[in-house]
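Encoded as structure tokens, the structure appears first; notes follow it.
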Amino acid sequence: MADTYTPPVTGTGVKATIQRIGGHLAGMIMPNIGAFIAWGLITALFIPTGWLPNETLAKMVGPIISTLLPVLIAYTGGRMVHGQRGAVVGAVAVMGVVVGTEAPMFLGAMIIGPLTALILKYVDRFTEQRTKAGFEMLVDNFSAGIVGAAMAVVGFLGIGPVVQSVTTAAGNAVEWLIVNNLLPIASVLIEPAKVLFLNNAINHGVLSPLGVAEAAEQGKSILFMLESNPGPGLGLLLAYLLFGPRAMRPSTPAAMIIHFFGGIHEIYFPYVLMKPRLILAVIAGGAAGVFTFMVTGAGLVATPSPGSIFAYLAVTPKGGWLGSSLGILVATGVSFAVAAILLGFGRGEKAEPTAEPTEEPTETPETASKEG
């Protein structure tokens with residue numbers, strides 16, 4: 001299923017292994033992009049800082065991001081490994097991770113969903129040869145129930161706390177950089193964490209509280225801009241549009257609109273997971289943007305939620321639009337340039353169409369000789 005969303009990977013080296021893992025992660029996310037968009041729209045419209053603030057409708061925001069999206073991810077990951085049975089047990093198991101932690105458990109869902117489905121797959125192989133006729137449904141249902149329940153407990157006691165610790169450690173590292181005035185270097189941690197869907201934990205768990213305290217004293221804070229800058233993602237998507245795999249290029253214009261104008265950064269994470277080396281592009285873009293913000297003295301009065309250009313303009317203090325806009329523009333340009341270099345300016349993609357016709361003549365004579 002991941003192959004539907006990522007180019008085929010050849011080879012057995014470390015690079016190929018990382019690309020395959022990224023492809024599987026993307027395969028868990030891409031089918032659920034519609035759900036992410038729905039959550040982003042509800043968030044942008046109905047939260048207190050949204051376009052149409054509504055306290056009643058805003059109650060959907062928390063349950064969707066904390067429960068629905070992790071369940072969908074685990075369901076999809078389980079389905080990739082072991083079909084519908086894997087999807088069901090993956091969705092059951094992830095509830096242990098969801099209930100056992102406070103932060104959104106996207107990463108935990110990506111782990112426990114496929115893992116639970118894989119365990120059930122081996123259990124099914126063991127039982128199918130030993131189950132007597134007429135007892136198949138009974139054995140299948142009980143085996144799925146037992147595996148799902150057991151893994152929910154494992155997720156609650158084991159996987160959830162481990163992922164929570166990773167999230168907390170990442171947040172603490174970012175806080176240390178902030179305290180030591182090394183803000184551009186924070187992108188080295190923030191951008192990879194974003195791609196692993198830890199963006200909400202870092203932004204709302206660490207950056208926002210510190211930014212609120214600073215804004216209360218100074219009237220604005222640069223901390224609101226570290227994670228929410230849409231520039232690095234926009235530059236990456238522009239590079240994909242011009243130089244990325246041909247199969248992926250048609251999807252990038254819509255992704256750019258959703259990302260830049262809608263503020264749903266999750267839309268570009270799978271593009272990085274497809275080619276992990278592109279993490280360097282968003283890191284460079286993020287660092288360049290933060291440096292520009294520092295030089296221009298830019299800052300926001302609140303967290304731009306979601307991180308779209310409209311939200312940025314809405315929470316920019318009077319007279320601060322130049323610094324905010326320049327930081328986004330510089331981040332976009334740097335991310336685009338680095339991503340274009342890492343993609344080889346599309347040279348490999350141009351060679352692909354010429355490779356396909358060469359296979360046909362070689363197959364035809366062989367086929368003809370066999371028929372003759």
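The values are calculated or read from the model by the stated rules, or taken from the named source; none is laboratory data. In this text, all values refer to a predicted model and were calculated from it rather than measured experimentally. Heads up, the Cβs are rebuilt from the backbone with ideal geometry, glycines too, and the neighbour counts pull from every protein chain shown. For accessibility, only protein heavy atoms count, side chains too; no ligands or nucleic acids. Shrake-Rupley method; radii C 1.70, N 1.55, O 1.52, S 1.80 Å.
If the condition is being open to solvent by less than 100 Å² (accessible area, probe 1.4 Å) and of a type in the set (D, E, K, R), then region 129-155 contributes Glu136, Asp140. Within region 322-342, residues that are farther than 17 Å from Phe224 by Cβ sit with their Cβ atoms under 8 Å from residues that are surrounded by 17 or more Cβ atoms within 10 Å (Cβ to Cβ) and among the basic types (Lys, Arg), at 6+ positions apart or across chains, in these pairs: Leu342/Lys275.
If you check Gly286, Gly262 for being over 14 Å from Thr332 (Cα atoms) and in contact (Cβ under 8 Å) with a residue 24 or more places away in the chain, only one passes: Gly262. Number of residues in region 129-166 that are of a type in the set (S, T, N, Q) and touching a Lys or Arg at 6+ places or on another chain (Cβ under 7 Å): the value is 0. Counting the residues of region 256-297 that are under 16 Å from Ile33 (Cβ atoms) and of a type in the set (Gly, Ala, Ser) gives 2.
From the list Ala284, Ala247, Ala254, the one residue that fits, being of a type in the set (A, V, I, L, M) and outside any helix (DSSP H, G or I), is Ala247. Look at Val282 and say whether it is surrounded by fewer than 23 Cβ atoms within 10 Å (Cβ to Cβ) and in contact with a helix residue (DSSP H, G or I) (Cβ under 9 Å, 6 or more places away or on another chain). Answer is no for this residue. Could you check region 48-91 and list, in sequence order, the residues that are over 22 Å from the mean Cα position of the chain (by Cα) and of a type in the set (A, V, I, L, M, F, W, C)? Of everything in region 48-91, those that are over 22 Å from the mean Cα position of the chain (by Cα) and of a type in the set (A, V, I, L, M, F, W, C) turn out to be Trp51, Leu52, Leu57, Ala58, Val88, Val89. Exactly one residue among Thr101, Thr56, Thr43, Thr116 is under 30 Å from Gly307 (Cβ atoms), hydroxyl-bearing (Ser, Thr, Tyr) and either at pLDDT 90 or above or open to solvent by 40 Å² or more (accessible area, probe 1.4 Å) (or both), and that residue is Thr56. Within region 3-11, is even one residue modelled with pLDDT under 80, farther than 30 Å from Gly346 by Cβ and of a type outside the set (Gly, Ala, Ser)? Checked against the condition, which is being modelled with pLDDT under 80, farther than 30 Å from Gly346 by Cβ and of a type outside the set (Gly, Ala, Ser), region 3-11 yields no hits at all. Please work out if Ala302 is outside any loop (DSSP other than H, G, I, E, B) and under 26 Å from Leu196 (Cβ atoms). No: the conditions fail for Ala302.
Could you check, for region 209-217, whether at least one of its residues is within 24 Å of Val338 (Cβ to Cβ) and open to solvent by less than 10 Å² (accessible area, probe 1.4 Å)? Within region 209-217, not a single residue is within 24 Å of Val338 (Cβ to Cβ) and open to solvent by less than 10 Å² (accessible area, probe 1.4 Å). Taking the conditions (1) open to solvent by less than 70 Å² (accessible area, probe 1.4 Å); (2) more than 30 Å from Phe291 (Cα to Cα) in turn, Arg125 satisfies each one other than (1). Condition check: within 18 Å of Ala109 (Cβ to Cβ), assigned to a helix (DSSP H, G or I), open to solvent by less than 70 Å² (accessible area, probe 1.4 Å) and modelled with pLDDT of 75 or more. Does Gly158 satisfy that? Criteria met by Gly158.
Do we have any residue at all in region 122-142 that's under 27 Å from the mean Cα position of the chain (by Cα) and assigned to a helix (DSSP H, G or I)? No, region 122-142 has no match at all.
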